[in-house]
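Presented below is the structure to which this report refers.
The values are calculated or read from the model by the stated rules, or taken from the named source; none is laboratory data. Small disclaimer: the values here were computed from a predicted structure and weren't measured. Cβ placement follows ideal geometry from the backbone for every residue including glycine, while neighbour counts extend to all protein chains displayed. We work out accessible area using only protein heavy atoms, side chains counted, and drop any ligands, DNA or RNA first. Shrake-Rupley method; radii C 1.70, N 1.55, O 1.52, S 1.80 Å.
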Amino acid sequence: MLRLDTRFLPDFPQALKAHEGILLAAREALLSRRKDPGAMLGWLDLPEDTETLRRIRRFREENPWVEDYVLLGIGGSALGPKALEAAFNGGRVRFHYVDHVEPEPVLRLLRTLDPRKTLVNAISKSGATAETLAALLVFLDWLKGHLGEGWRRHLVLTTDPKRGALRALAEREGLAAFPIPEGVGGRFSVLSPVGLLPLAFADADLDALLMGARQANANALAPLGESLPLQTALLHHLHRHLPIAVFMVYSERLKHLPAWFVQLHDESLGKRDREGRPVGTTAVPALGPQDQHAQVQLFREGPLDKLLTLVVPERPTEDLPLPPAEGLEGEAGYLFGKGLFTLLSAEAEATYRALAEAGQKVYTLYLPEVSPYAVGWLLQHLMWQTALLGELWGVNAFDQPGVELGKRLTFALLGRPGYGEG
């Protein structure tokens, strides 16, 4: 199970007890809106959606020819799938992410792909995301130019179940399409077809992933002393005066997970509260042990302006022993006979202690291992944490007015009808 370690925050047990009232009230306020589609709490129900999982599996079985999977999406439509596929891709399908609009990388990708063996998955909840539509225009032209009428088999859409340009395209052309439920926003959509469809082509264990997320839901509803989301939400609430929230993962397989968390945290919580005051902390991604040789110098000896979360696996899924080598006894002898995971664990523990000794506020979330079950639990836990913080900070964790303004200005600059000046 996911395990919280606050040993270097000795006052936390007392603070947890003292804040019991507001924490339980925050959870109750969240749950009271659960049946309201406009509340955007549909992510709570995604781990139970077995019918969509069956459809995704059937689609995967019907398309064994896929060798390259191209995902067109940005933000929540790409960050979650990229994080999970990098961690758990156990198959032969190669994945490519067009989550930008720089022409040269797109051209380079197009020149390397065989269209006969490529499946393109365009993802946009609204169907109006400019970057995704631009990429779709490019890949539609490419598929049609190479495959003629056979192009339809090579495009699958993930979008709103009823509305938007992608849904209209799917219905007009008879394309395969998977729904993002109406009550699920982009950054909370990783356990919907947004993430599950790519993972099916990565031959990942979808059952275990969703089982872990279901366990996170059960844990979130547990009494205060057992509910990890209530506890980690309180940690962030108690340290909301610190402007930076570092999220540091000790797993190369989870190297893209911090970027997913940055969007989840920053886009959900960087708002103005009900009184119009700006609130929020800035999430910073980090990867251990690589960033021990980069950012940790600043984290340890720089300003005491951070709350740091370390995510550390407690055991490997398999280890690699370090054999002795003649001539290296002096410098490397202490490593002989140990495993790589022993070194990884020691570095994580050393960083944890060093940060605490420097006066930084730091806690650790321990994963039993980097498995679909454990990561499914972690993802759902972090979504709960974010939603609860929205309640505690008096903001709507499920909208993004600042992002929408940028979209409107982009549309105006590009001359989209209805978005001109004056």
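In terms of packing, defined here as the mean over residues of other Cβ atoms within 10 angstrom, the peptides 300-309, 106-115, 77-86 line up highest first as 77-86, 300-309, 106-115.
In the chain, carbon and sulfur make up what percent of the accessible area (probe 1.4 Å)?
Here it works out to 54 percent.
With Cβ to Cβ distances under 11 Å as the rule, what net charge do the other residues near A374 carry (K, R +1; D, E -1)? The partial results should precede the final answer.
On the way: positive: R3, R315; negative: E314, E369.
Taking every other residue near A374 into account, the sum is 0.
Computing Rg and the Kirkwood Rh from the Cα coordinates of region 160-247 gives a ratio, Rg/Rh, of 1.11.
When the charge dipole of the chain is built from unit charges on Cβ atoms (+1 for Lys and Arg, -1 for Asp and Glu) and taken about the Cα centre, the candidate among F247, Q215, P161 whose Cα reaches farthest toward its positive end is P161. Under 22 Å of direct C-alpha separation, and excluding same-chain neighbours fewer than eight residues apart, K306 reaches these lysines: K255, K271, K361.
Expressed as a whole percent, the proportion of Cα-Cα pairs in region 1-82 lying more than 21 Å apart is 64%.
Spacing of the modelled spin labels on N396 and R274, each 7 Å from Cα toward Cβ, amounts to 1.4 nm. Summarising the amide proton neighbourhood of A283: residues at separation of 5 or more, or on other chains, whose placed amide H is nearer than 5 Å comprise A245, D266.
DSSP beta bridges in the chain, what fraction antiparallel, as a percent rounded to 5? Spell out each step's value before the answer.
Details: 6 of 44 bridges.
Roughly 15 percent of the beta bridges in the chain run antiparallel, per DSSP.
Amide H contacts for V311 (H built 1.01 Å from N in the peptide plane; partners 5 or more residues away or on another chain; cut-off under 5 Å): M248, V249, Y250, L365. Normalising by residue count, region 126-191 has a Cα convex hull of 86 Å³ per residue.
Normalised by the number of residues in the chain, the mean separation of alpha-carbon contacts (under 8 Å, six or more apart) gives a relative contact order of 21 percent. Heavy atoms of the protein chains alone define the surface here; on that basis the chain has 45 Å² accessible area per residue at 1.4 Å probe size. Within the full protein context, the accessible area of E252 is estimated at about 100 Å² for a probe radius of 1.4 Å. Here the dipole of region 198-292 is about 400 debye; that uses its Cα centre as origin and unit charges on the Cβ of Lys and Arg (positive) and Asp and Glu (negative). Quotient of the Cα radius of gyration of region 252-340 and 2.2 N^0.38 Å, N being its number of residues: 1.61. Working note: Cα atoms of region 201-248, range along each principal axis, descending, whole Å: 43, 28, 10.
Give me the percent relative contact order of region 199-333, please, defined on Cα pairs under 8 angstrom at least 6 residues apart. Don't skip to the end; give the middle numbers.
Details: 125 pairs, mean separation 34.0, N = 135.
Value for region 199-333: 25 percent.
In this structure, the amide hydrogen of T129, modeled 1.01 Å from its nitrogen in the peptide plane, lies closer than 5 angstrom to no residue at least 5 positions away or on a different chain.
Hey, if we sort V101, V70 by accessible area with the 1.4 Å probe, largest down, what's the order?
On the way: V101 95, V70 0 Å².
The ranking, largest first, comes out as V101, V70.
Starting from the 7 Å offset along Cα-to-Cβ, what nm value, one decimal, do you get for the label separation of A350 and E149? About 6.6 nm, to one decimal.
How large is the convex hull of the Cα atoms of region 320-369 per residue, expressed in Å³ as a whole number? Provide the component values of the computation, followed by the final result.
Numbers: hull volume 3.6 nm³, N = 50.
Normalising the Cα hull of region 320-369 by residue number yields 71 Å³.
I'd like the projected area of region 78-164, averaged over all directions, using the convex hull of its alpha carbons. Report it in nm² with one decimal. Can you show the working numbers first?
Values: hull surface 25.5 nm².
Result: a mean projected hull area of 6.4 nm².
Think of the chain as a dipole: +1 on every Lys or Arg Cβ, -1 on every Asp or Glu Cβ, centred on the Cα centre; then among W142, L298, Y69, W142 lies furthest on the positive end. Applied to region 64-73, the Karplus parametrisation 6.51 cos²θ - 1.76 cosθ + 1.60 on θ = phi - 60° returns per-residue 3J(HN,Hα) values of x, 6, 5, 10, 10, 10, 10, 9, 9, x Hz, with x for Gly and Pro.
Relative to the Cα centre, what is the charge dipole magnitude of the chain, using +1 at the beta carbon of each Lys and Arg, -1 at the beta carbon of each Asp and Glu, and rounding to the nearest 20 debye?
Values: 45 positive and 51 negative charges, 240 e Å.
For this selection, approximately 1160 debye.
Dividing the summed -39500 (n - 2.57) terms of all DSSP H runs of n ≥ 4 by the residue count of the chain sets its mean residue ellipticity at 222 nm at -14000 deg cm²/dmol.
Taking all protein chains together and rolling a 1.4 Å probe, F261 ends up with roughly 0 Å² accessible.
For every other residue with a beta carbon closer than 11 angstrom to the beta carbon of D5, add +1 if it is Lys or Arg and -1 if Asp or Glu, then tell me the sum. Provide the component values of the computation, followed by the final result.
Numbers: positive: R3, R7; negative: E314, E349.
Value of the local net charge: 0.
Once you list every other residue whose beta carbon is under 11 Å from the beta carbon of A83, what net charge do they have if Lys and Arg are +1 and Asp and Glu are -1? Each step should come with its number before you reach the end.
Numbers: positive: K82, R253, K255; negative: E85.
Residues close to A83 contribute a combined charge of +2.
For the chain, what log10 I(q)/I(0) values come out of the Debye formula at q = 0.06, 0.09 1/Å, with one point per alpha carbon and no solvent? After summing over all Cα pairs, the log10 values are -0.27, -0.61.
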